[in-house]
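Input: a single structure, listed below in structure tokens.
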């Protein structure tokens, strides 16, 4: 059995979620702000990610070099990332070094204040990151799926943002204003997992966060899933393809059933898609399906990559399998999907990083503190009837189809043909 | 927590890293065999064997193999590298016997059915195509071929499409019979399982391995040189490398620390200069890879054509600086702290523990005491780093470049910069 996690409310109102485990030698600390690409206006798209890049560029009391040197002295592993939903800052360090690690990380997460020249220099790496993404067809495909699924909404924007915003559109004033409006107690949650001195962490955080403004919770301009079709010609050898659908949000009653459905359909080497498209016919190297839930909505994606000789056939079989899955799955498949989810959750809980992220995620989206065991129970309760309802939710929505690669002579079915085949 | 190893009477080695505070066990077979054990005419056979071992035995179909593991929620995977091929499973402690049953069946009794062989050729050809579409993978294949030309060590792990399409079944069988022998195999487990249980399971399930063949591969012959592959991309992908040192070299950790100081992570010199100060790249790093009898030191950077004329001089300056000036004690101490913490934090993952023990057993024929490893790292001095920098950076460079290369200076100009 896992140790029971706890929640300690800091005096500023920010929840501190803890999985304290004296058997460990290290601890993982996470600061997560519920602010990301979906909360940005188009003219400032990319600003959450830009601000995250600047976190290591200086605070009121530390220069960029101080931050790196001080983390390096204790051998800490630290990083940050931005998604559509949030911005994360985290560090992994030996238990004895947690006071130092916490001091630096909290300074970064609370007091980003980079000098002007650091901001302009950082435009370079972000532009290179964007160019790298443009050379990655899989990435281009995923971003295009988002754009079609959620057009004219924050959720359909890219995380890095358009080139013009990074080059000059976003100024230091914009960044600092964005920080002040959004890096507030209402958007922040902190999680820590592993071996550390609890009293010390509570006292330190109460002190460091005592002046944090309450602020207001970030909101976005979500209007709903739409769907559509886009094919992008490139000089690659492979066509990356995805068929996507609307799907339940985090916390939706059918969310667990949708995840288990995606597992049976395309979540492993014995899944239907892997068996039918790769193992029986050798049409692809990779193929799979996933449920990606967001707050308020979600998407279900199925796809892979194949060369232009195979891609049309791979897609016809994919469509066949999706149609079959719309009828539901067998009891055996459901049992295996549950077992995989259970073992996967238990395995993941062995990692402190995963524990911290899971605590934060479930508290933010469901308002609960859970152990891996109680999380598993929610999935155990799913019935075949739930699976059928989930399949109906997903496959009755308008499809989104995206293909990137040598699409021109590949013989891929048209969007109308795809829609017809799915409904027949 | 205990660490134990045993050599069975047939030569098979078993190493167990018992951690009784977790629910799971990571267990697998690591083989002292990889791409460099191939002959060039059959390049890709090591990787193709890895794929084909999943395709059935006299008592299990390919679907049974993955199905039996996945139906208990286990995760199964495999990899082929230039010197090692591994098959491993991560599942709950009560299913360890099942894992060894399935893994031992796969490696001892493959049947390579014709229909699966044809299908798997096609899958691998698809995999090769995907590598060609991934520039930061492809540039390392180009690099390896240029560093070690005309040798299996320099050949791509996946092979080429034409070799894979023509690979005969007998070649696969021969490869398994010659190399999947008891003395080349290590069974490694980490997690909630005892060593006694592991030894008993290994004795029970691994009685059908072929005789040892004592076959050796060719000694590595590092050459260096350059390859330029023009491609219409947004970014240039550049690997600049040098001959490194072998795993058994007593100064091995000086090379690892040198790479950490120069380009290992956000505190490193290259990250600091190339990305932080000049803003030229998103990604820049160095790494050192040791082989049984050689090694290599690689620096990777990706950047757009406009930045390329600035990138090369900055990287060469940093190489020169570390060759000419002793690294400050504090900087070495930080690099040691980074490696030390990385090793200790890696111990949280059962899969990484099993992998580390297996690889150490293959390379050094003993289990790895973490304290010994930490002591070896601690013992490296700034003089060792200076000597290692001179040794590595005086070798002939290997340059691999992929992208819109019009702004990349000549190999000779780069050599001149490094020699200045």
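The values are calculated or read from the model by the stated rules, or taken from the named source; none is laboratory data. Remember, it's a predicted structure, so these values are computed and weren't measured experimentally. Here the Cβ positions follow ideal geometry from the backbone for every residue, glycine too, while neighbour counts run over all protein chains shown.
General observations
- The condition (being crowded, with 24+ Cβ neighbours inside 10 Å and either at pLDDT 95 or above or closer than 17 Å to residue A:239 by Cα (or both)) is satisfied by just one residue among A:312, A:306: A:306.
- Screening the range B:199-217 for residues that are surrounded by 14 or more Cβ atoms within 10 Å (Cβ to Cβ) and in contact with a helix residue (DSSP H, G or I) (Cβ under 8 Å, 6 or more places away or on another chain) and picking the one that is nearest to the other protein chains (Cβ to nearest Cβ) gives B:201.
- In the range A:243-279, the qualifying residues are those that are more than 11 Å from chain B (Cβ to nearest Cβ), within 14 Å of residue A:340 (Cβ to Cβ) and touching a strand residue (DSSP E or B) at 6+ places or on another chain (Cβ under 8 Å), and the one that is surrounded by the most Cβ atoms within 10 Å (Cβ to Cβ) is A:261.
- The range A:280-303: number of residues that are more than 23 Å from the chain's Cα centre (by Cα) and buried (at least 24 other Cβ atoms within 10 Å of the Cβ): 2
- Taken across the range B:10-29, residues that are surrounded by 20 or more Cβ atoms within 10 Å (Cβ to Cβ), out of contact with any strand residue (DSSP E or B) (no Cβ under 7 Å at 6 or more places or on another chain) and part of a loop (DSSP other than H, G, I, E, B) do not occur at all.
- Residue A:168 meets each of the listed conditions (1) under 23 Å from residue A:53 (Cβ atoms); (2) out of contact with any helix residue (DSSP H, G or I) (no Cβ under 6 Å at 6 or more places or on another chain); (3) modelled with pLDDT of 95 or more apart from (3).
- Residue A:213 touching a residue at least 12 places away in the same chain (Cβ under 8 Å) and out of contact with any helix residue (DSSP H, G or I) (no Cβ under 7 Å at 6 or more places or on another chain): yes
- Search result, residues across the range B:261-285 that are within 8 Å of chain A (Cβ to nearest Cβ) and in a helix (DSSP H, G or I): B:272, B:275, B:276, B:277
- Scope the range A:315-347; condition part of a loop (DSSP other than H, G, I, E, B) and either surrounded by 18 or more Cβ atoms within 10 Å (Cβ to Cβ) or in contact with a strand residue (DSSP E or B) (Cβ under 9 Å, 6 or more places away or on another chain) (or both); matching residues: A:328, A:329
- Screening the candidates A:268, A:228 for the property of being modelled with pLDDT of 95 or more and either at positive phi or over 20 Å from the mean Cα position of the chain (by Cα) (or both) yields one hit, A:228.
- Residue list for the range B:89-103, filter: within 29 Å of residue B:35 (Cβ to Cβ) and facing another protein chain (nearest Cβ under 10 Å): B:90, B:91
- Scanning the range B:287-315 for residues that are outside any loop (DSSP other than H, G, I, E, B) and either at the interface with chain A (Cβ under 7 Å from one of its Cβ atoms) or closer than 24 Å to residue A:134 by Cα (or both) yields B:299, B:300, B:301, B:302, B:303, B:308, B:309, B:310, B:311, B:312.
- Hey, residue A:411 exposed (fewer than 14 other Cβ atoms within 10 Å of the Cβ), on the phi > 0 side of the Ramachandran plot and touching a helix residue (DSSP H, G or I) at 6+ places or on another chain (Cβ under 7 Å) or not: yes
- Across the range B:210-236, the number of residues qualifying as modelled with pLDDT of 90 or more and assigned to a loop (DSSP other than H, G, I, E, B) comes to 11.
- Within the range B:72-88, the residues that satisfy the criterion of being within 11 Å of chain A (Cβ to nearest Cβ) and surrounded by 22 or more Cβ atoms within 10 Å (Cβ to Cβ) are B:73, B:74, B:76.
- Scan of the range A:237-271 for residues that are touching a helix residue (DSSP H, G or I) at 6+ places or on another chain (Cβ under 6 Å), over 24 Å from residue A:418 (Cα atoms) and not in a loop (DSSP other than H, G, I, E, B), ordered by number: A:256, A:257, A:260
- Where residue B:319 falls short, out of the listed (1) buried (at least 20 other Cβ atoms within 10 Å of the Cβ); (2) at the interface with chain A (Cβ under 8 Å from one of its Cβ atoms): (2)
- Set B:150, B:170, B:108: member being more than 14 Å from every other protein chain (Cβ to nearest Cβ), under 30 Å from residue B:15 (Cα atoms) and surrounded by fewer than 20 Cβ atoms within 10 Å (Cβ to Cβ): B:108
- Flag if residue A:302 is more than 7 Å from every other protein chain (Cβ to nearest Cβ), part of a helix (DSSP H, G or I) and in contact with a helix residue (DSSP H, G or I) (Cβ under 9 Å, 6 or more places away or on another chain): no
- Matching residues in the range A:21-58 - criterion: being within 14 Å of another protein chain (Cβ to nearest Cβ) and either touching a strand residue (DSSP E or B) at 6+ places or on another chain (Cβ under 7 Å) or over 28 Å from residue B:267 (Cα atoms) (or both): A:21, A:22, A:23, A:24, A:25, A:26, A:27, A:28, A:29, A:49, A:52, A:55
- Residue satisfying all of: in the range B:208-239; within 30 Å of residue B:108 (Cα to Cα) and in contact (Cβ under 8 Å) with a residue 60 or more places away in the chain; farthest from the chain's Cα centre (by Cα) among these: B:208
- The helices (runs of 4 or more DSSP H) falling completely within the range A:59-142 that include 1 or more residues that are surrounded by 21 or more Cβ atoms within 10 Å (Cβ to Cβ), away from every other protein chain (no Cβ under 11 Å) and modelled with pLDDT of 95 or more map to A:98-110.
- Qualifying position, being within 30 Å of residue A:17 (Cβ to Cβ), within 27 Å of the chain's Cα centre (by Cα), in a loop (DSSP other than H, G, I, E, B) and within 14 Å of chain B (Cβ to nearest Cβ), among A:373, A:350: A:350
- Hits in the range A:146-175 - residues which are part of a helix (DSSP H, G or I) and over 20 Å from residue A:81 (Cβ atoms): A:147, A:148, A:149, A:163, A:164, A:167, A:168, A:169, A:172, A:173, A:174
- Here residue A:195 fulfils each of the conditions (1) surrounded by 21 or more Cβ atoms within 10 Å (Cβ to Cβ); (2) over 23 Å from residue A:50 (Cα atoms) apart from (1).
- If the condition is being in contact (Cβ under 8 Å) with a residue 24 or more places away in the chain, over 18 Å from residue B:110 (Cβ atoms) and either within 13 Å of another protein chain (Cβ to nearest Cβ) or in contact with a helix residue (DSSP H, G or I) (Cβ under 6 Å, 6 or more places away or on another chain) (or both), then the range B:41-71 contributes only B:43.
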